[in-house]
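The structure appears right after this line, and notes come after that.
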Amino acid sequence: PNGGLYVLPLQWNVKPQQWVDYFGPKGHKPGDGEFWSDTGREFQYQGMGCHTTNSKVAYDAAKDTYTTTWKQMGVGCEACHGPGSHHVKAPLSQKFDPIVTPPRIPDPRRAAMVCGACHDVGRSADGKYAYPVNYRPGQDLRFHIKQAAGSFPDGSPRTHHQQYNDWQQSGHARAGVMCWDCHSPHVRGKFNRYQLKLPGSLLCNTCHTTVARAGAHSIHSTNNCIGCHMPNTIKSATPGDLRSHRM
């Protein structure tokens, strides 16, 4: 009634075809801070910034009310490319000039931050939000979020949507391999739900052309690159349903 939005405590996991508890009574109790309807679990603070485009929330403490707006439900064009009104009005020859295009950002680190804004685990600078509130594509993400990735003792990732945190530690990052070198952000479901440009090891082999089928690379007939280099250590819906991006 006060404008707070909450995610209900049931989650449908598509692959195993089952309903599961989601911050509900199985693992939490009302008032423990993590129960689905507790203060602080509001959608406005937990996931709104990455599940809507250009969202804003204002909280009136005196009245305990929330005023929430967004331009678009879901990840729209402006979530990755920034405000587009000048882009729309520009003549065809100048379309690129007034819009952010991540691969055209001169600093590759800042370009990757556009993806990292949502594929990142951390808290906003003030600690209130689980996403970089008020971040806009092209800005330096480090001013908007304090990273706090979840990892196992050996450093392997354990928390979902932390691909950017992983990538920062990878040889891919050091070599300048960007997110869009492997993924097609505009082509939904091209080969699978991860929008890869090619399936499986075929994608790896487009760059790693000199890997000899010798030693460790000769013991498996499938020569499955991601099986060893991107192990399934992360739980999103079920244990091991996402792969590490530390490469």
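The values are calculated or read from the model by the stated rules, or taken from the named source; none is laboratory data. Model, not experiment: these values are computed from the prediction. Because the Cβ atoms are built from the backbone with ideal geometry, glycine has one as well, and the counts that use them run over all protein chains shown. Just so you know, the surface numbers come from the protein's heavy atoms only, side chains and all, with ligands and any DNA or RNA stripped out. Shrake-Rupley method; radii C 1.70, N 1.55, O 1.52, S 1.80 Å.
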>> Checking the structure you have, find out if any residue of segment 112-134 is on the phi > 0 side of the Ramachandran plot and open to solvent by 90 Å² or more (accessible area, probe 1.4 Å).
In response: yes
>> I need a count of the residues in segment 1-47 that are open to solvent by 70 Å² or more (accessible area, probe 1.4 Å), in contact with an Asp or Glu (Cβ under 8 Å, 6 or more places away or on another chain) and within 23 Å of residue 241 (Cβ to Cβ).
In response: 2
> Taking the condition open to solvent by 50 Å² or more (accessible area, probe 1.4 Å), closer than 23 Å to residue 246 by Cβ, without any contact (Cβ under 8 Å) to a residue 40 or more places away in the chain and basic (Lys, Arg), does residue 104 pass?
Replying inline: no
> If a residue has to be assigned to a loop (DSSP other than H, G, I, E, B), among the aliphatic types (A, V, I, L, M) and without any contact (Cβ under 8 Å) to a residue 60 or more places away in the chain to count, how many in segment 5-15 make the cut?
Replying inline: 2
>> For segment 72-101: of the residues being in a loop (DSSP other than H, G, I, E, B), open to solvent by less than 70 Å² (accessible area, probe 1.4 Å) and in contact (Cβ under 8 Å) with a residue 24 or more places away in the chain, which is nearest to residue 56 (Cα to Cα)?
In response: 82
> Just for segment 207-241: of the residues that are under 19 Å from residue 181 (Cα atoms) and open to solvent by less than 40 Å² (accessible area, probe 1.4 Å), which one is nearest to the chain's Cα centre (by Cα)?
Replying inline: 230
>> Which count do you get for residues in segment 125-146 that are assigned to a helix (DSSP H, G or I) and closer than 18 Å to residue 58 by Cβ?
In response: 0
> Considering segment 168-195 alone, what residues qualify as being open to solvent by less than 70 Å² (accessible area, probe 1.4 Å) and modelled with pLDDT of 90 or more?
Replying inline: 170, 171, 172, 173, 176, 177, 178, 179, 180, 182, 183, 184
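Filter segment 54-69 for residues that are surrounded by 15 or more Cβ atoms within 10 Å (Cβ to Cβ) and farther than 9 Å from residue 4 by Cα and give the result.
Step one: of segment 54-69, the residues surrounded by 15 or more Cβ atoms within 10 Å (Cβ to Cβ) are 54-57, 59, 66, 68.
Matches in segment 54-69: 54, 55, 56, 57, 59.
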> Are there any pairs with C-beta distances below 8 angstrom linking a residue in segment 16-33 that is at pLDDT below 95 and in a loop (DSSP other than H, G, I, E, B) to a residue that is among the polar types (S, T, N, Q) and surrounded by 10 or more Cβ atoms within 10 Å (Cβ to Cβ), with the two at least 6 apart or on different chains, and if so which?
Replying inline: 16/238; 22/11
